Amino acid sequence: MALQEVLSTLVSSTESMPNATFKNSEGPAPRPHHEGSQSDLKSLLLTLLSFSALQDWIKLIIIGGFFEAARRVAMSLYSQLLNTFFITVSFEEDDPSYDWMMVWLSKQKTWNKARQYQVSTKSFGLDNLAIAIPGDDDEHTGNSSRKLAYLPSTSSSYSLWYKRHWITVSRQRTVGSFTESLVLSIFARSHTVLNEILRDAKQQYTSSQEHKISIYICDKSNSWRLAATRPKRPLHSIVLEPGVKELLVDDARDFLDNKSWYVDRGIPFRRGYLLYGAPGSGKTSTIHSIAGELGLDVYIISLSRAGLDDSSLSELVSDLPERCIALMEDIDAAFHHGINREAKTNVGDTNRRDFSSSRLSLSGLLNALDGVGAQEGRILYATTNKYLNLDPALCRPGRMDIHVEFRLASKFQTYELFRRFYLPSGAAEDIDVNDEDEDEDEKGSDGEGSDSGYGESLDGDANDSEMSLLMSSSDRPPEREFSMAALQGYLMGYKIRPFEAVRDILGWLEAEKEKQKLHQRGAAPKSLAQLAPVALDTKSETHQLPTPLTPTSPIRRDHCIDG
Ligand SMILES: Nc1ncnc2c1ncn2[C@@H]1O[C@H](COP(=O)(O)OP(=O)(O)OP(=O)(O)O)[C@@H](O)[C@H]1O
């Protein structure tokens, strides 16, 4: 209306304007076009700035301002109202609580009635049975490789009831971000119901995680992301020299239980283990098994990741949770010439190695391990096949407190691997490798009770004593010549044929040695190398390593916990 008034004023004032300027004594003459438009503009401005138009402007501003203020007041009243009666909570996609809530939501009956939802096969870090649509045929059998779940779709908002509280749910994607957040508004005044929901969600999630460990890796934005969950590997399935596993587990457990001891003495509450030695000797498997035993999640720090530099490594390490296992595999791999200050470089900087993809320096790594930003409470495991290439600063106590060498399979390990491979399922876990006498009794009873697995269908009913007899023969693989991984690979071809496995082992040994010779000469044909797992001969490397483990003194302990 006001605008119309202004326009009409404009038109009328233009019409009523004296046109003396354009008249001369000889009567009206045609005005040049540019003169006309100039005067039109001038008159327009005059009209707009005239007192009557100004009044209209003011009216316009006041009315507009009033409506805007009213809108803002209404919005603020609405949000105050929401805040008074609703608790609004959001869960970011990259946070573990988002996974808990998604699993919790997928189990709510509300989704059966929803008219719009998203169907997902994502398991949110759980085993596939953790989320499933009701009536799914494979829900209880576990036959399906993937399960389906109803989840809130991003385009809608939903409402559901939880313990007589009304809840609205929506998934929102932040503009300019790849991640989304889940927003819950709960009609409640106290936080009790929110706490109950969070407890429920976490409990549901962790109970299905009981027999699993979570593996985290870092994503492109340098934050930790759940990559996978794996079933816990029982410690008894790792065959090391007697006492080594137990010492590692006890030391880590002792560390975790004695935070105050460290604090009282001003010692940084961190523990580092360096597992080094032959490839395929069980370093990684041992770490995963210990993580399961201690109930810790594993955070993999890949030092050779493209783009990783000192500051991003330090950021990653400081973002680790307090109780966890940080795993640096092949710690020498980030530096092409090995982590060693003495190694020569072209650029003359002894602290920086050839880093075509990773821009990490040794000092950056050392700072990340025990600098001011380093996380307290974490257990670090580092593995390497090239122990001698490591810089002494990296291996010193405080950074790597315990060093354990993993060697090629000993006779004891070979025997144990064979024995465990062919024992009936379930029997192996009750075996104490240090107590051979007990094994005899346990084997008998457990073997009978076993209801599945290969143990039942062993050819010729191989039992423990028969296996001992077979393995004590001269056919047994020689000491420290083959890795446990190679032996395991061989046995995989004889899953239910222990006698044949023992019978054929001599031939396999010969073939492997032949392959190794070819390999050493650099003439191993590709197809041959791919035929069977190659037993890697690291003799040349291991003979340089420090004194190997013995059953009596398996670990070189540079720092020990007394508390
Ligand atoms: N001591 C062992 N006891 C039982 N299984 C073993 C042992 N060592 C190796 N294995 C088996 O061999 C395979 C490879 O083992 P693993 O990856 O732990 O070796 P690794 O020492 O970490 O090798 P790499 O140095 O090449 O990374 C696994 O499947 C594991 O089950």
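The values are calculated or read from the model by the stated rules, or taken from the named source; none is laboratory data. The model shown is predicted, which means the values in this text are computed figures rather than measured ones. Heads up, the Cβs are rebuilt from the backbone with ideal geometry, glycines too, and the neighbour counts pull from every protein chain shown. For accessibility, only protein heavy atoms count, side chains too; no ligands or nucleic acids. Shrake-Rupley method; radii C 1.70, N 1.55, O 1.52, S 1.80 Å.
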Dipole-positive endmost among 384, 406, 421 within region 370-427 (Cβ charges, Cα centre): 421
Lys and Arg at +1, Asp and Glu at -1: neighbours of residue 219 with Cβ under 14 Å from its Cβ sum to -3
How much net charge surrounds residue 181 when only other residues with a Cβ under 14 Å from its Cβ are counted (Lys, Arg +1; Asp, Glu -1)? -4
Please give the charge dipole size of region 274-319, origin at the Cα centre, charges +1 on K and R Cβ atoms and -1 on D and E Cβ atoms. Round to the nearest 20 debye. 280
What is the extension gain from residue 504 to residue 323, computed as 0.36 nm multiplied by their sequence separation minus the C-alpha to C-alpha distance, in nm to one decimal? 60.5 nm
Expected unfolding gain across residue 163-residue 46 under the 0.36 nm per residue rule, minus the alpha-carbon gap, is 35.2 nm
Given the pairs 220/386; 495/515; 232/517; 107/212; 283/495; 113/163, which span a C-alpha to C-alpha distance of over 26 angstrom in this model? 220/386; 232/517
Per-peptide average of other Cβ atoms within 10 Å, ordering 272-285, 54-67 highest first: 272-285, 54-67
One finds, for residue 249 and residue 174 with R0 = 56 angstrom and r their Cβ-Cβ distance, a FRET efficiency to the nearest 0.05 of 0.85
As I understand it, the dipole of region 217-305 uses +1 on the Cβ of Lys and Arg and -1 on the Cβ of Asp and Glu, about the Cα centre. Which of 260, 300, 248 lies farthest toward its positive end? 300
Would you mind giving the three semi-axes, in whole Å and largest first, of the ellipsoid equivalent to region 205-283 according to its Cα gyration tensor? 24, 22, 16
Report, by chain and number, residues whose modeled amide H sits under 5 Å from the one on residue 94, excluding near sequence neighbours (fewer than 5 apart, same chain). none
Taking a probe of 1.4 Å, how large is the accessible area per residue of region 241-305, in Å²? 34
Tell me the net charge near residue 275. Cut-off is 9 Å between Cβ atoms, residue 275 excluded, with +1 for each Lys or Arg and -1 for each Asp or Glu. 0
Provide the gained length on full extension for the span residue 82 to residue 113, in nm with one decimal, where the gain is 0.36 nm per separating residue minus the Cα-Cα distance. 8.6 nm
Whether region 237-311 is rounded, prolate or oblate, judged on the alpha carbon gyration tensor where a/c under 1.5 counts as rounded: oblate
Listed peptides 90-96, 313-319, 298-304 by packing density, highest first (mean Cβ within 10 Å): 298-304, 313-319, 90-96
Go through region 41-49 residue by residue and turn each phi into a ³J(HN,Hα) via Karplus (6.51, -1.76, 1.60, θ = phi - 60°); whole Hz please, and just put x for glycine and proline. 5, 5, 5, 4, 4, 4, 5, 5, 8
